[in-house]
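Working notes for the structure below.
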Amino acid sequence: METPKIFESEYKFCEILWEHEPVASSELVRLCFEKLEWKKSTTYTVIRRLTERGVLQSKDTIVTSLVSKEEVLSAESAQVVEKSFAGSLPGFIAAFTRKKKLSRQEIDEIQKMIDSFKE
């Protein structure tokens, strides 16, 4: 199943959800007002939209995610690589490292990932 697209304001909402889930919808309203300055109606609209798209579920006023933060980040990263670099991961890494020098630790972590795919 493809990970549903989550827009920027929805992502901010999801970060709150991931941090507190499972959470009562009334508590989400309070948290979204506190952290995002959203009205009650805005929060309930986002809950409804994300439920319809299969990102979360709301059962008996308890809201939980159906898509993890890692799944969302992975899908968004893959979309950037596909759209901007014609699907070329080496092209993405080359562009990324032109602007940011990798630390020895980052290089070692990347090498471990590459080595794990070779096995």
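The values are calculated or read from the model by the stated rules, or taken from the named source; none is laboratory data. Given the structure is predicted, the values throughout are model-derived calculations rather than measurements. Backbone-built Cβ (ideal geometry, glycine too); neighbour counts: all protein chains shown.
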Inset, instruction - Six or more apart or on different chains, Cβ under 8 Å: which pairs go from a residue in the range 102-116 that's modelled with pLDDT of 90 or more to one that's loosely packed, with under 12 Cβ neighbours inside 10 Å? Could you list them? - result: none
Inset, instruction - Tally the residues that are exposed (fewer than 13 other Cβ atoms within 10 Å of the Cβ) and of a type in the set (A, V, I, L, M), restricting the search to the range 17-34. - result: 0
Inset, instruction - Could you grab me the full set of residues in the range 20-35 that are under 16 Å from Leu56 (Cβ atoms) and hydrophobic (A, V, I, L, M, F, W, C)? - result: Val23, Ala24, Leu28, Val29, Leu31, Cys32
Inset, instruction - Tell me which residues, restricted to the range 51-83, are assigned by TED's automatic domain parsing to the domain that holds Lys12, of a type in the set (Gly, Ala, Ser) and without any contact (Cβ under 8 Å) to a residue 12 or more places away in the chain. - result: none
Inset, instruction - For Thr51, state whether it is touching a Ser or Thr at 6+ places or on another chain (Cβ under 8 Å) and surrounded by fewer than 12 Cβ atoms within 10 Å (Cβ to Cβ). - result: no
Legend entry - Cβ pairs under 9 Å, 6+ apart, first in the range 23-40 and in contact (Cβ under 8 Å) with a residue 40 or more places away in the chain, second hydrophobic (A, V, I, L, M, F, W, C): Val23/Ile16; Val23/Leu17; Val23/Leu31; Val23/Ile62; Val23/Val63
